Structures are given as C-alpha cells and as structure tokens.
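Shown next, in structure tokens, is the structure this report addresses.
The values are calculated or read from the model by the stated rules, or taken from the named source; none is laboratory data. Computed from a predicted model, the values in this text were never measured in an experiment. Positions of Cβ are backbone-derived with ideal geometry, glycine not excepted, and every protein chain shown enters the neighbour counts. Keep in mind that these areas ignore ligands, DNA and RNA; they rest on the heavy atoms of the full protein, side chains included. Shrake-Rupley method; radii C 1.70, N 1.55, O 1.52, S 1.80 Å.
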Amino acid sequence: MAGKTGRRRELWVRLTRKLVWMLLVLWGITIISFLVIHLAPGSPTDMETTLNPLAGEAARKRLEELYGLNRPLYVQYLDWLSRIVRLDFGISMSADARPVMDKILERLPLTVGMNVTSLVLTLLIAVPVGVFSAVRRNSFADRVLTVLVFIGFAMPSFWLALILMMFFGIELGWLPMSGITSFGFEALGPLEKAIDIAKHLAMPVAVYTLGSLAGMSRYMRACMLEVMEQDYMLTARAKGLPASVVLWRHGLRNALLPLITLLGLSVPGLIGGSVIIESIFALPGLGQLFYAAVMARDYTLIMGNLVLGAVLTLAGNVLADFCYGLADPRIRTAPVSGTRG
C-alpha cells in the first residue's frame with residue numbers, strides 16, 4: 001500500500017514539474033515572439049493608410065491609438081498577456097475586425113484533419129516499409145525502395161503538387177484542383193458531400209503523405225537495423241521464439257522509441273508546413289491564414305497562431321512522453337529523481 005502511495009506521489013510530482021516547465025517555456029516563447037513581430041518592418045496602420053490617398057498622419061495616429069500601438073511595448077505585452085490568461089486572443093487588426101479565436105477555430109479543423117490523416121497514412125506505410133527494408137537489408141527490393149525513397153525525399157512538395165494537378169486534374173479530370181467543395185455543394189446529400197470533400201482533399205493529403213513518407217521510412221529502417229543487432233534480440237532468437245514474434249514484439253517495439261521523438265517534433269508542422277500546400281490548392285486553412293496575417297502585419301492574429309504553434313509543440317512533447325510509456329514500460333516505472341528506488 002505504501003509503495004502504491006509513493007508511486008502515486010512520484011507521478012503527481014512528475015506531472016507538476018512537467019506542467020510548470022511547459023508554462024515557463026510557453027511564457028518565454030510569447031515574450032520572444034511578441035518582440036520579434038514588433039521589430040519587423042511595417043505595422044497594421046501602414047496597410048490601411050499607405051494605399052489610401054485620403055488617409056493622412058492624423059488617421060494613422062487614430063489607428064495607432066485604436067490598436068494601442070502608441071503605448072510602450074512592455075505595456076502592450078502585459079495587456080496582451082492579461083487577455084491570453086483569460087483565453088481571449090483579442091480582435092484581429094484586419095478590416096473584418098473579427099475575434100482572433102473565431103478565425104483560428106474556423107480554419108483549424110481543415111488543417112488538423114489533413115495533417116492527421118496524412119500522418120496516419122505515413123505511419124501505416126512507412127513502418128512496414130522500413131521494417132521490410134531492414135529485414136531484407138542490401139537485397140534487390142531494399143535497393144529499389146532506397147532509390148524510390150530518395151527520389152521522394154528530393155522531390156519538392158510544390159513541384160509534386162503541380163505534377164498531381166496536371167495529371168489528375170487536367171489530363172484525367174478525376175480530381176478537382178482547388179477549393180474544398182464544388183458548386184452546388186449544399187444541394188448534395190450527406191454521402192455525396194463526404195465524397196466531394198474527399199476528392200478535393202485527395203491531392204493535398206497525397207502531397208503531405210509522400211513528402212514525409214521518405215524520411216520516416218528511412219528513419220524506421222535505421223532504427224530497426226540498430227535494434228536487430230542488440231543482445232536481447234539474439235537472446236530471443238536463441239530461446240527458440242518464432243521469427244515474427246522476435247521481429248514485431250521485441251524488435252519493433254524498441255525501434256519505435258526514436259520514431260516517437262520524430263513524431264513529437266512534427267506536431268508543430270501542422271501549421272507551418274501547411275502554408276505552401278494550402279496556397280497551391282486554395283484551401284482555407286491555418287497556413288494560409290497565418291501567411292495573410294504576416295503580410296498584413298496583423299499582430300494579434302500572428303500572436304494567436306504563434307501561441308497555437310507553441311502549444312502544439314509542447315503537446316507534442318507530452319504526447320511523445322506518453323507514447324514512450326506505452327512502448328517501454330520501464331519509462332513508466334522510472335523514478336522521478338536520479339536515485340535508485
């Protein structure tokens with residue numbers, strides 16, 4: 001009973017330390033981001049007054065007072081931070097003057113849905129390909145897969161997107177090339193709507209998947225080759241265990257640990273990596289929203305996207321720690337401190 005109580009106390013200590021550390025890191029990220037975007041050339045008032053011949057210096061000063069840009073920078077940050085604590089991301093400085101949270105939540109499902117789908121497809125393909133290449137090391141099949149993987153790795157995402165659009169959109173006419181829905185979408189039935197959206201997202205998801213498949217499969221192959229040379233793998237074979245059990249239960253489970261780290265680091269790319277693809281396919285996602293905010297110097301919207309990216313980064317680390325525990329029980333039972341328990 002005492003052992004369970006001590007284990008539970010250690011777990012709470014670990015979670016508390018992790019939470020405090022995440023909050024401190026997030027705070028530091030917001031300070032640096034706030035300073036950087038305000039040091040960049042241009043401001044929201046430039047976008048509204050420079051192109052308007054009727055807007056003079058008085059109009060610029062009124063806009064700066066409206067947005068609070070005439071105050072010291074630290075006062076602006078403290079005001080922004082006090083609102084963020086209440087989960088209020090403020091009002092966008094663009095012409096529509098909509099709440100930042102509403103604009104982000106409006107675009108979030110599309111970007112996250114595409115990236116999560118491509119991530120799942122990448123894992124379903126990359127893990128078996130990497131394991132197969134490791135088991136068949138230096139065979140003809142391994143060499144063919146290596147060549148194909150390096151071709152995919154060297155292929156720019158925008159070039160692949162244009163090739164898919166030209167072949168499937170123009171030559172064959174199977175898939176639409178832009179947007180997320182077709183004309184007359186509202187008149188379609190539920191199943192027809194789902195099929196229509198799937199057709200529009202097929203090429204973007206394919207570009208996402210093929211872009212990350214090459215690196216992920218090579219990484220899996222390298223991890224699997226390293227694991228297969230460990231002593232416990234030789235011991236498992238010497239005990240007479242079936243080759244499939246040795247490979248998938250003992251080998252794959254340990255080879256996944258470095259891959260989990262890579263997946264945790266790829267979570268922030270849900271936003272940053274979507275800018276090019278969403279622009280090419282004219283998809284109303286977070287990447288395109290973030291790019292438009294940067295071009296318009298929309299400080300509140302930029303900070304909202306950066307905070308979301310920081311939260312995704314920290315969430316990726318927590319998710320990686322959780323997956324570590326699932327893949328390796330020793331991590332779950334490890335003591336908080338460096339002392340032996």
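Brief remarks on what is shown
- Bridgeable lysines around Lys103 (alpha carbons under 24 Å apart, same-chain partners fewer than 8 residues away excluded): Lys193.
- Using a Förster distance of 25 Å, the FRET efficiency for Arg253-Leu23 (Cβ separation, nearest 0.05): 0.15
- Solvent exposure of Val20, expressed as accessible area, is near 80 Å², computed with a probe of 1.4 Å over the protein chains only.
- Calculated from backbone phi, Karplus (6.51, -1.76, 1.60) coupling profile of the stretch 219-235 in Hz, x at Gly/Pro: 5, 5, 5, 5, 5, 5, 5, 5, 5, 5, 9, 6, 5, 5, 5, 5, 5
- Calculated FRET value between Ile197 and Met101, using beta carbons and R₀ = 35 Å, to 0.05: 0.90
- Simple Cβ-charge dipole of the stretch 136-246, Lys/Arg +1 and Asp/Glu -1, about Cα centre, in debye nearest 20: 460
- The residues of the stretch 181-306 present an accessible area of 48 Å² per residue when probed at 1.4 Å with all protein chains retained.
- Candidate lysines for bridging to Lys18, where Cα separation is under 26 Å - those fewer than 8 sequence places away on the same chain excluded: Lys4
- Listed residues Phe168, Phe89 arranged by accessible area, highest first, probe 1.4 Å: Phe168, Phe89
- Annotation: extensible slack from Val112 through Tyr232 equals 39.3 nm (criterion: 0.36 nm per residue apart, minus Cα-Cα distance).
- For Ile91, the residues 5 or more places off, or on other chains, whose built amide H falls under 5 Å of its own are Val100.
- Carbon-plus-sulfur accessible fraction, the stretch 113-210 (probe radius 1.4 Å, protein heavy atoms only): 75%.
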